[in-house]
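A quick write-up on the structure given underneath.
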Amino acid sequence: MTSDPHREELREQLWAADVDGDEYTAVDVVFGALEAGIPAEDVLLDVIGRVQQRVGMEWAANRLTVAQEHAATAINDRVIAALAHHPTVRRQSSAGRVTVACVDGEWHAMPARLLAETLRLHGWQIDFLGAQVPTPHLVAHINQHGPNVVALSCSIATRLPTAHAAITACQAAGVPVLVGGAAFGADGRLAKLLGADAWAADARSAAARLAEGFEPLSVARAHQVIDDLPHLADQEYTMVRDSAVRLVQTTMTDLERRIPAMAGYTDLQRQHTSADVAHIVDFLGAALYTDDDALFADFISWTADILRARDVPASTLLPTLESLSGQLTEFPRARRLLDTARTGLLDPLSADPKLPA
């Protein structure tokens with residue numbers, strides 16, 4: 001990415017339009033960039049894409065509300081649509097056909113949208129199916145339209161078991177799968193674990209990988225039945241997933257005992273706390289599915305940063321992890337994951353208020 005001051009100025013202009021909720025100015029900024037001769041791919045990824053990253057970062061830092069984040073994302077989505085229909089951007093589709101979709105349960109469609117429009121610029125015919133595509137519907141689309149490749153996006157790691165099923169189902173339909181998104185890890189390690197044919201860190205590298213082509217899937221591979229990952233034989237993932245409601249309820253009871261301030265919580269505060277605990281249990285399940293310590297530890301570290309930005313002591317995470325560990329004494333992998341995450345919290349918590357014993 002170039003440090004061209006002009007592009008930085010464009011990002012600031014688009015950011016200001018997003019924050020103001022001014023869609024027309026946002027479109028004018030992008031059209032002005034195209035008419036100034038900046039390549040469409042650079043406008044798409046180095047201007048719109050970078051501004052969208054900033055939207056997420058500003059929300060995480062508690063400088064944008066959820067409503068503002070949604071409004072800005074909606075404007076950027078419409079700006080991308082406008083860019084795609086600009087007369088200087090239209091391309092002939094000659095490279096082949098790609099189906100771009102988010103896995104079922106994945107609502108973050110912007111990365112997939114940026115990918116779809118980037119691939120269109122590279123001459124691919126694109127079927128963009130958007131957010132939360134149920135796997136049976138994805139397979140039905142594949143059978144009807146026969147794409148060369150399916151590109152699957154997954155940003156939230158709790159959807160990785162669903163992504164695994166989707167990868168296998170697409171391959172069983174005879175189509176190779178390229179995956180991307182934060183859920184697969186910054187190094188793509190979980191894409192390999194779940195059997196994807198390829199992984200790309202971003203839209204440009206995805207376009208480059210598609211240009212290399214894929215070997216046709218063998219008949220044996222195209223018709224394989226999904227096999228459990230070897231570590232799933234201990235059933236820890238299944239049992240934690242199936243007991244999630246009980247785990248959350250017991251943890252809430254433990255927290256009320258450990259944190260006296262919860263006695264004064266409103267119903268809404270209790271609902272938010274319960275939802276946060278449920279999210280932690282969901283990520284623990286995803287980490288058990290992949291047997292990946294970093295997945296859960298990184299999520300807990302991210303959650304701690306979110307709490308700090310909202311003036312909530314990150315130390316409040318410790319009793320949650322301890323409660324879950326106490327409930328899962330016969331689950332060695334789960335306890336390992338919880339212990340790793342807890343250890344990762346301890347050093348940064350030196351400045352946090354101490355919780356009562």
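The values are calculated or read from the model by the stated rules, or taken from the named source; none is laboratory data. Not measured: the values here are computed from a predicted model. When we count neighbours, we look across all protein chains shown, and the Cβ atoms used for this are built from the backbone with ideal geometry, even at glycine. What goes into the accessible areas is simple: the full protein's heavy atoms, side chains included, and nothing from ligands, DNA or RNA. Shrake-Rupley method; radii C 1.70, N 1.55, O 1.52, S 1.80 Å.
Odds and ends about this structure:
- For the range 288-337: rounded, prolate or oblate by the Cα gyration tensor [a/c cutoff 1.5]: oblate
- Subtracting the Cα-Cα distance of Glu12 and Arg257 from 0.36 nm times their residue separation leaves 83.4 nm of extension gain.
- Within the chain: Cβ-based charge dipole about Cα centre, in debye rounded to nearest 20 (Lys, Arg +1; Asp, Glu -1): 460
- Label assignment, Cα Rg over 2.2 N^0.38 Å derived from the structure, set (i) 0.99; (ii) 1.32; (iii) 1.09: (iii)
- For the peptides 154-166, 30-42, the ranking by packing is 154-166, 30-42, with the highest mean count of neighbouring Cβ atoms within 10 Å listed first.
- Computed about its Cα centre, the charge dipole of the range 161-282 is approximately 160 debye, with only Lys, Arg, Asp and Glu carrying charge at their Cβ.
- Computed from the C-beta positions of Arg336 and Val312 and an R0 of 41 Å, the FRET efficiency is 0.95 to the nearest 0.05.
- Sites Trp107 and Asp242 - FRET efficiency at Förster radius 30 Å, r taken between beta-carbons, to 0.05: 0.80
- With all protein chains kept in place, the per residue accessible area of the chain amounts to 48 square angstrom at a probe of 1.4 angstrom.
- Calculated from backbone phi, Karplus (6.51, -1.76, 1.60) coupling profile of the range 39-46 in Hz, x at Gly/Pro: x, 4, 5, 5, 5, 5, 9, 8
- Scanning residues 5 or more positions from Val100 or on other chains, those with amide H under 5 Å from its amide H are Asp127, Phe128, Leu129, Ala151, with H placed 1.01 Å from N in the peptide plane.
- Each Cα pair under 8 Å and six or more residues apart adds its sequence gap; the mean of these over the residue count of the chain is a relative contact order of 11 percent.
- Residue-by-residue Karplus 3J(HN,Hα) for the range 275-283, coefficients 6.51, -1.76, 1.60, Hz, glycine and proline x: 5, 5, 5, 4, 5, 4, 5, 4, 5
- The sum of -39500 (n - 2.57) across all DSSP H runs of n ≥ 4, divided by the residue count of the chain, sets its helix-only mean residue ellipticity at 222 nm to -18000 deg cm²/dmol.
- Relative contact order for the range 96-205, counting Cα pairs under 8 Å that sit 6 or more residues apart, in percent: 28
- Per-residue extension of 0.36 nm, minus the Cα-Cα distance of Thr65 and Ser94, leaves a gain of 6.2 nm for this segment.
- Centre separation in Å (Cα based) which lies between the range 105-147 and the range 250-276: 40
- Across the range 188-199, coupling constants 3J(HN,Hα) worked out from phi with the 6.51/-1.76/1.60 Karplus curve, θ = phi - 60°, read x, 4, 7, 5, 5, 4, 8, x, 5, 6, 7, 9 Hz, and Gly and Pro carry x.
- Largest GNM mean-square fluctuation among Ala191, Ala71, Ala112, using the chain with Cα springs under 10 Å: Ala71.
- Once both labels are positioned 7 Å from their Cα atoms along Cα-to-Cβ, the gap between Asp187 and Thr343 label points is 1.7 nm.
- Of the accessible area of the range 39-111, computed with a 1.4 Å probe over protein heavy atoms only, carbon and sulfur atoms account for 54 percent.
- When the Cα gyration tensor is reduced to axis lengths a ≥ b ≥ c, the ratio a/c is 1.5 or higher for the range 55-157, and with a/b not above b/c it is classed as oblate.
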